[in-house]
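Data first, discussion second: the structure below is written as structure tokens.
The values are calculated or read from the model by the stated rules, or taken from the named source; none is laboratory data. Quick caveat: nothing in here was measured; it's all calculated off a predicted structure. Note that each Cβ is placed from the backbone with ideal geometry, even for glycine, and that neighbours are counted across all protein chains shown.
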Amino acid sequence: MKSYFTHLIDRIQSYSKEIKNTNSFIDKRWILIDNKDGPLNTYIFRKNNELLISKHGIVDTSKWEYLGENTLLIERKNSKYLFKHGFIDEDVFLLKLDGLEEYWYLISEKLHNQNILSSDKVAEYLNNKYSAKDNSNTDDESSTQYELIIVLTLSVILFAFLFFLKR
């Protein structure tokens, strides 16, 4: 699954927002999916670099910091995590553990309410959402190429007509 997922992220990366634009994830409730059946943690990144982590309404306060070069540091009581930008849009926030092919999957409450609660379902959601856009772009490119061929053909015919008309 990880190689498929990594390939998917590479394919849809052009649709991702930049992590340096912290407004993409600040003051929004993100739910961490850990592929276990236990309770889910809610993460809220605040403007003052405070990170609220809620589990059953009990909140731990941590810190986060954007370090530049698509890198995010999350500092918890007993550990620190260094992440690289994975992918971010309005509903999915993927953070890649630095040096590993492992991701933290954070999803919006909207996706949580749609029962997208596993990494497989996140991959399926992203594939469905951005495959349609990829196909749409391909159709647009084909249409543009077709129009260009028509314009060039008509230009050649017009040129030939004017050339023979002058004779």
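Some points to look at:
- Residues satisfying the stated conditions in the range 22-31, i.e. outside any loop (DSSP other than H, G, I, E, B), at pLDDT 95 or above and not basic (Lys, Arg): 26, 30, 31
- Residue match in the range 11-21 (condition: surrounded by 14 or more Cβ atoms within 10 Å (Cβ to Cβ), of a type outside the set (D, E, K, R), at pLDDT below 95 and part of a strand (DSSP E or B)): no
- Remark: pairs (first residue in the range 110-132, aromatic (Phe, Trp, Tyr); second residue modelled with pLDDT of 90 or more; Cβ separation under 6 Å; 6+ apart in sequence or on different chains) = 125/116; 130/12; 130/15.
- Within the range 114-129, the residues that satisfy the criterion of being more than 22 Å from residue 17 (Cβ to Cβ) and among the polar types (S, T, N, Q) are 115, 118.
- Residues in the range 35-54 that are touching a residue at least 40 places away in the same chain (Cβ under 8 Å) and either assigned to a strand (DSSP E or B) or surrounded by fewer than 14 Cβ atoms within 10 Å (Cβ to Cβ) (or both): 35, 43.
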